[in-house]
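The values are calculated or read from the model by the stated rules, or taken from the named source; none is laboratory data. Worth saying up front: this structure is predicted, and the values here are computed from it rather than measured. Positions of Cβ are backbone-derived with ideal geometry, glycine not excepted, and every protein chain shown enters the neighbour counts.
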Amino acid sequence: IGVANPISVYVKTDRTSQEDSLIVECINEVFDFRPEAIINCLNLKRPIYKQLASYGHLGRTDLDLTWEKTDRAEKIRTLFESKQ
């Protein structure tokens, strides 16, 4: 963390894909991993941390948590299919 490009991106496909490196390539094209971009994308500067102190920060449907969204999955899928 703290660098413009991540040192590594790990994708766990449980051996269901022979194209792991291609999936990683697509993820790197769709997501901006620079620290400030992550902060902006996840809207981390809003006051949500007190609410997250109890009941955890994953799988919460009672809060509008940006990291729970899957809005980029289709873009990754489309990009992956176009590269095969």
ARG60 passes all but one of the listed conditions (1) modelled with pLDDT of 80 or more; (2) surrounded by 10 or more Cβ atoms within 10 Å (Cβ to Cβ); (3) of a type in the set (D, E, K, R); (4) over 18 Å from LEU79 (Cβ atoms); the exception is number (1)
I want to confirm something. Restricting to the stretch 63-79 and keeping residues that are within 12 Å of the chain's Cα centre (by Cα) and in contact (Cβ under 8 Å) with a residue 24 or more places away in the chain, which single residue is nearest to SER8 (Cα to Cα)?
ILE76
